[in-house]
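Below is one structure, written out as structure tokens; the observations come after it.
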Amino acid sequence: MSKALIIAEKPSVATDIAKALGGFKKETEGKESYYESKDYVLSSAVGHLVELCLPAELDKKKGKWSFASLPIIPDEFGLKPIERTQTRLTLLKKLMKREDVTSLINACDAGREGELIFRYIVKLAKCKKPIERLWLQSMTPAAIKDGFAHLRPGNELESLASAAVCRSESDWLVGINGTRALTAFNSRNGGFQLTPVGRVQTPTLAIVVERDFKIKTFVPKAYWEVHATFGAKAGTYPGRWFKEDFNKNDKNATVSIPNPDAKPERLWDEAAAREIEEKCRGKEGIVTEEKKPATQISPPLFDLTSLQREANGKLGLSAKRTLQIAQRLYEHHKVLTYPRTDSKALPEDYIDTVKQVLGNMKDNHLRPFATEILQRGWVKPTKRVFNNAKVSDHFAITPTLESPDKLDEFERKVYDLVAKRFLAVFYPAAEFEVTTRITRVEEEPFKTEGKILIVPGWLAIYGREEQEADGQAALVPVQENEKVRTEEIEVLALETRPPARFTEATLLSAMEGAGKLVEDEDLREAMAAKGLGTPATRAATIEGLLAEEYLRREGREISSTPKASALMELLHAVNIPALASPEMTGEWEYKLKQMEQGGLERSRFMKEIVDLTHKIVEKAKNFEESPDTAKPLGFTAPNGKPMVEMLRHYQADDGTLQLRKVVAGRLLEPFELKELLEKRLIGPLQGFRSRLGRPFAAALKLNDANETEFVFDNAPINADGTKLNLDTQEPIGTCPVCGGRIFETMMSYACENTFGDAPTCKMKIGKKILLQEIDRTQLNKLLTEKKTDLLRGFVSQRTRRKFSAYLIMAADGRTSFEFEPRKDGAAPRKPFFRKGAVPVENGHAENGVVAAPDKSKAKTRAKAKAAKPSKPRAAAKKKTE
């Protein structure tokens, strides 16, 4: 009997389909599994299983990063399996080749990316069997059965497939060629300066650079406010002078142009403020007030971006970490619905499921609210919550029927965010009484506002703290036209403030709303639903910019680095600003949407992308920097000539000295250049990267030819670069491993037996580990007591976040982190590792680099571990590998 092979996008969807249709038996094939029934074979992808080949995989000659090999425009884009999911692809290919499988059903997500995932799998497998499309916006059993009853012919989705493939190929063309062209340009003077750009990451970076430029160039403006305290029969209350006929286009008193900082309470002339103060001091005023009821509805259900914003603002979690937790809550604990969604609504047939979820809530702090919602019948088919038109590939994030019993601290906190938001959307609005009181003294108006929470409504779910944040203290009562006395009055001298730096929450909002930055109305509309990136990729985009050191994270704030500013400057100088503008993304989305609807041919779109790719490469290849663009740096070269900054290098204005701005992937900042020219040696400096992308630290030296050289800590060298004389310099301790003498070198505290051609000891401790200085006091404690004080300046290489830990030493001299016990008695936090980094020999935290374990020999280590009994290890310890 012939069967149809159903391919879902994720294993969980395959499971849901199997349950809804019934009659399936689970089968295994090696490490993978699938379902089979009388009529169907059912399996799934695990997201993307196939990706486009890199240039070197298409043509070895194209692997070179030079203008000679650009632009790279494949006649046909090659596909290759993604290595980590290759076994799943192998299973699908085998199932497609079965003789009894005569057709395929595409059950991937109902959207552009779902179509791409399926089409790439089928293309790589070279399967020619007929295709039908399952189009679901809800995963309820009824919706799944209805979807199978109304399968669509595969050719109905050709326009959507074309748009999906065009998005993939155009990202490849612009990203690969743009990155290689700018890298080739920046590497003309030698070295290799990787300069990655992309359709999403570069406009995102531009948003942050622009904000930081506004902060840097911000000039505060002085203004004054007049504050008073009034005495009424029932007590005192405050008031602030305001301009009643205020207009947003109010002009600065000193400049006859609209003032964007103008507000009704601000006075730009101190004399005018002082005049009001003197005029009203000690005088009586007449009070009038207006009371209005006001309501506030709950915020909508979470999509991924809004959940990431909330978790960043309330819990301090990065977007990436929030996604990881939400994904685990979905995949492992199964207590949340699919998190990688851009929808804030539920399908219209989801009402019964919602009632089941509410009835199943067992948490003591949430159950009373769920019970009240059900008892009062508040789950209704409102378009604000249940709306098919607002559901895209997936619906909003909500709790499931599973119980959240076995969650860790942050999993519980993220789950609670979702659960409370889910409950809140069914509660009635919060009700307030808003009072606006005007006190008029000598015809000068003073405003006082009060907001009292009358009915908590949905705010009851969030407790007292949230309610107090939304309400204000009650005002003392007054009678209509009551006379009050001005008891106190003062003028406050204030200044305007610069824009706030981005946090991950506000940057995610900026990415989501990037369409607002686009002037063209059609392009803005096309981007309205998309923004920059997708909810599933925005966190990765931010993390990528952090990893490339275009952005840096300081606490919760995110700012751009000089390297980012240099890239924006380069893009504008070479005249390819489109790469840094949301306009290009808006234009693509507009045309891809046209293509989905059959209004634009694939060939026409791709011709425009190829033309753009040629333009980017040609502009980078033919650009020559003019000497007129040189920026004075304010200090001189060794020969006394002024130093200036060019796009790619620093130089003396007479051309006698030239140094690259970027050395081994790290931007040498002007203040570092000044120190290098004066001292001829700086460091050790963090942030260098090898050609393989591995981080390293080194000192930078200016040799006799005025060229930069790296100085590594593999020889006995003093902090000033001179040779360390082991016979005359006083040792600072005794090596706990071999008993040798420990000396302070340029970058570490090292045993004397670590030097030479044949070192016999590996005892070496970095003077700076993860940006935390290890001074001699802490070294002595480490050597004598085997444990430092609690050090609070470590910075994770992966997340760029600060953390505190003790540094402890084992008997063999290896150093480890020991974290503070948690207040709630939970297990100590695990340390942060940089994924993909190469381990430092023997697990030492040398040169400030903490690397992830090498997974290439995982099987060998597992066998060795199984062959001998494991040693007990303290729960609060973790090696700094």
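The values are calculated or read from the model by the stated rules, or taken from the named source; none is laboratory data. Source: prediction; values computed, not measured. Because the Cβ atoms are built from the backbone with ideal geometry, glycine has one as well, and the counts that use them run over all protein chains shown. Surface areas here come from the heavy atoms of the whole protein model, side chains and all, with no ligands, DNA or RNA. Shrake-Rupley method; radii C 1.70, N 1.55, O 1.52, S 1.80 Å.
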Study note, to complete from the structure: Given the conditions (1) open to solvent by 10 Å² or more (accessible area, probe 1.4 Å); (2) at pLDDT 85 or above; (3) not polar (S, T, N, Q), every one holds for A536 apart from (2)
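Report yes if E290 is more than 30 Å from P404 (Cβ to Cβ), in a loop (DSSP other than H, G, I, E, B) and open to solvent by 20 Å² or more (accessible area, probe 1.4 Å), otherwise no. Step through it out loud before you land on a result.
On the way: more than 30 Å from P404 (Cβ to Cβ): yes; in a loop (DSSP other than H, G, I, E, B): no; open to solvent by 20 Å² or more (accessible area, probe 1.4 Å): yes.
So E290 fails the test.
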Practice item. Give the residue that is surrounded by the fewest Cβ atoms within 10 Å (Cβ to Cβ), with candidates limited to residues of the range 81-122 that are charged (D, E, K, R) and within 33 Å of the chain's Cα centre (by Cα). Key: E83
Check your understanding: When you look at I17, is it in a loop (DSSP other than H, G, I, E, B), surrounded by 18 or more Cβ atoms within 10 Å (Cβ to Cβ) and hydrophobic (A, V, I, L, M, F, W, C), yes or no?
Key -> no
Exercise for review: Give me a count of the residues in the range 25-63 that are surrounded by fewer than 15 Cβ atoms within 10 Å (Cβ to Cβ), among the hydrophobic types (A, V, I, L, M, F, W, C) and not in a loop (DSSP other than H, G, I, E, B).
Suggested key: 1
Review point. If you scan the range 760-786, which residues turn out to be open to solvent by less than 70 Å² (accessible area, probe 1.4 Å), out of contact with any Pro (no Cβ under 8 Å at 6 or more places or on another chain) and of a type outside the set (S, T, N, Q)?
Key: C761, K764, I765, G766, I769, L770, I774, L779, K781, L782
Practice item. Identify, by number, the condition in (1) assigned to a loop (DSSP other than H, G, I, E, B); (2) surrounded by fewer than 16 Cβ atoms within 10 Å (Cβ to Cβ); (3) of a type outside the set (A, V, I, L, M) that P196 doesn't meet. Key: (2)
Review point. From R538, R602, R553, which residue is basic (K, R) and over 26 Å from T506 (Cβ atoms)?
Key: R602
Point to revise | Odd one out for L724 among (1) at pLDDT 80 or above; (2) open to solvent by less than 30 Å² (accessible area, probe 1.4 Å) | key: (1)
Study note, to complete from the structure: P71 fails exactly one of (1) in contact with a His (Cβ under 7 Å, 6 or more places away or on another chain); (2) over 30 Å from T179 (Cβ atoms), namely (2)
Review point. For the range 304-317, what are the residues that are touching a helix residue (DSSP H, G or I) at 6+ places or on another chain (Cβ under 6 Å) and either surrounded by fewer than 23 Cβ atoms within 10 Å (Cβ to Cβ) or not small (G, A, S) (or both)?
Key: L304, T305, Q308, R309, E310, N312, G313, L315, L317
Check your understanding: Name the residues in the range 548-597 that are aliphatic (A, V, I, L, M), modelled with pLDDT of 85 or more and open to solvent by 30 Å² or more (accessible area, probe 1.4 Å), would you?
Key -> A573
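Determine if the range 730-746 includes at least one residue that is under 25 Å from S626 (Cα atoms), modelled with pLDDT of 80 or more and more than 36 Å from the chain's Cα centre (by Cα).
Quick first cut of the range 730-746, residues under 25 Å from S626 (Cα atoms) only: none.
Looking for residues that are under 25 Å from S626 (Cα atoms), modelled with pLDDT of 80 or more and more than 36 Å from the chain's Cα centre (by Cα), one finds none in the range 730-746, hence no.
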Study note, to complete from the structure: Of the residues in the range 126-146, those that are open to solvent by less than 20 Å² (accessible area, probe 1.4 Å) and either small (G, A, S) or under 14 Å from N388 (Cβ atoms) (or both) come to S138, T140, A143
Check your understanding: Within the group E402, E372, E431, which residue is open to solvent by 10 Å² or more (accessible area, probe 1.4 Å) and assigned to a helix (DSSP H, G or I)?
Key -> E372
